[in-house]
1. Take residue 138 and decide whether it is modelled with pLDDT of 95 or more and part of a loop (DSSP other than H, G, I, E, B).
2. In the stretch 162-171, is there at least one residue being outside any helix (DSSP H, G or I), out of contact with any Ser or Thr (no Cβ under 6 Å at 6 or more places or on another chain) and under 17 Å from residue 241 (Cα atoms)?
3. Would you pick out the residues in the stretch 145-161 that are in contact (Cβ under 8 Å) with a residue 40 or more places away in the chain and part of a helix (DSSP H, G or I)?
4. Of all residues in the stretch 260-282, which are surrounded by 15 or more Cβ atoms within 10 Å (Cβ to Cβ) and touching a helix residue (DSSP H, G or I) at 6+ places or on another chain (Cβ under 8 Å)?
5. So, in the stretch 197-222, exactly how many residues are loosely packed, with under 14 Cβ neighbours inside 10 Å and in contact (Cβ under 8 Å) with a residue 24 or more places away in the chain?
6. Assess whether residue 96 counts as being under 15 Å from residue 224 (Cα atoms), at pLDDT 80 or above, under 18 Å from the mean Cα position of the chain (by Cα) and in a helix (DSSP H, G or I).
7. Which one of these is surrounded by fewer than 19 Cβ atoms within 10 Å (Cβ to Cβ), within 23 Å of the chain's Cα centre (by Cα) and over 30 Å from residue 141 (Cα atoms): 21, 59?
8. Could you check residue 78 against (1) assigned to a helix (DSSP H, G or I); (2) free of Cβ contacts under 8 Å to residues at least 60 places away in the same chain and say which number it fails?
Amino acid sequence: MRFTPESFHLWPHKRITLLGMSGVGKTYISTMLRNHNWFHYSGDYRIGTRYLDEPIMDMIKQQAMQVPFLRELLRNDWIAIRNNIKVHDLGPVLSFVGKLGNPELGGVELEDFITRQALYREAEVAAMLDVPDFIHKGEHIYGYQHFVNDVGGSLCELDHPQVLQTLIDHTLILYIQVTNETEADKLISRAQSAPKPLYYRPEFLLEQLAIYLAEHGLTFAAEMDPDAFTRWVFPRLFHSRIPRYQAIAEPHGYTVTSEEIATVQDESDFLTLIEQAIARSL
């Protein structure tokens, strides 16, 4: 959706999609807005509770069945296992997606990792196509005046025209841009110390995997330390996504900086910032 500052100000039911890398402030803003009559739609939460819930539970049960004591309890339906994902804790999704590398070090073998990546992409596509339904639910069932779509950092990787068109048709897209190397380094460090589920485009993953194996004198992905590979590849993933975000934001949305987002204290600050971003684009 496109606006002037005046038309945005007068928009009675505001619908915003927050676009940007994980850790850039999307969930912080969304959580703050919940206290101001905004419905917070978390794409990753929807993925974990709806579209990957069964694969996550199957993975957990498969591991539990390896323990004789738990195997008997599960086979006799004496216990139940459930997915306890939270908006601020995506642990079940992170565990399902996993990290590529040596299984003995907690990694996932390449073939299985590629399968999980494909399932994660399908789930993210489905969660984004659900946005119009949740805009309606947020207003007409739950009584929220406004809607904020807190998307995963991998939205720009999906290459799915219907997803992008859905978000363009139903929301204002606001890209939170990291504008300097100091901020980028902070974001990369934060993501490495508190990782979230990562989706890699297949061609990017295989290209970077080949480089990593060659640099480290390895032959197979199953030889890699999964944490070491994730730390190595994330800065490359970060920089590869910047032009992809820009390709969405420049024709279809508006851009603010991570420094500007850091100054937002309440809804009024946020709305004023969007109006400024709209004005800059005119």
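The values are calculated or read from the model by the stated rules, or taken from the named source; none is laboratory data. Treat the numbers as computed from the prediction; the structure is a model and nothing was measured. In this analysis, Cβ positions are derived from the backbone assuming ideal geometry, glycine residues included, and neighbour counts consider all displayed protein chains.
1. No; evaluated as a whole, the condition is false for this residue.
2. no
3. 153, 154, 155, 156, 157
4. Answer for the stretch 260-282, where residues must be surrounded by 15 or more Cβ atoms within 10 Å (Cβ to Cβ) and touching a helix residue (DSSP H, G or I) at 6+ places or on another chain (Cβ under 8 Å): 260, 261, 264, 267, 270, 271, 273, 274, 275, 278.
5. Count: 2.
6. Spelling it out, it is not the case that residue 96 is under 15 Å from residue 224 (Cα atoms), at pLDDT 80 or above, under 18 Å from the mean Cα position of the chain (by Cα) and in a helix (DSSP H, G or I).
7. Among 21, 59, only 59 is surrounded by fewer than 19 Cβ atoms within 10 Å (Cβ to Cβ), within 23 Å of the chain's Cα centre (by Cα) and over 30 Å from residue 141 (Cα atoms).
8. Only one criterion is unmet by residue 78, namely (1).
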